[in-house]
Amino acid sequence: MATLEKDEGDNPPRTTTLKGKVGRRTMEMSFDTIRQVANFDTKEEGTYYYPPNREIYKQNHGEEIDQNMKDLLF
């Protein structure tokens, strides 16, 4: 059994840490280490395009749905 908890610290995100416990050992990962492992997105919210469901899903089934999703995403 393992646990994972997030500690924001005094000045998030710089002081944010993840603390995990596995068995009797406790591990802690700093924000700098987390950034090395996972590339966080730093774009502003307005830069994203969220297509409405009707553009992604059509009444037709099959390859047309897959192609519509690929066209919107890529």
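We did not get these values from a lab; they are worked out from the coordinates using the rules stated. None of the values given here were measured: they were computed from a predicted structure. A quick note on method: Cβ atoms are made from the backbone with ideal geometry, for glycine too, and the neighbour counts reach across all protein chains shown.
Values computed for the structure shown
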| read-out | value |
| --- | --- |
| Radius 10 Å from Cβ of residue 19, net charge of other residues (Lys, Arg +1; Asp, Glu -1) | -1 |
| Karplus-derived HN-Hα couplings along the stretch 5-13 (A = 6.51, B = -1.76, C = 1.60, θ = phi - 60°), whole Hz, x at Gly and Pro | 9, 9, 10, 6, x, 8, 9, x, x |
| Cβ crowding within 10 Å averaged over residues, with 25-34, 5-14 ranked highest first | 25-34, 5-14 |
| For residue 16, residues with placed amide H under 5 Å, excluding near neighbours | 31 |
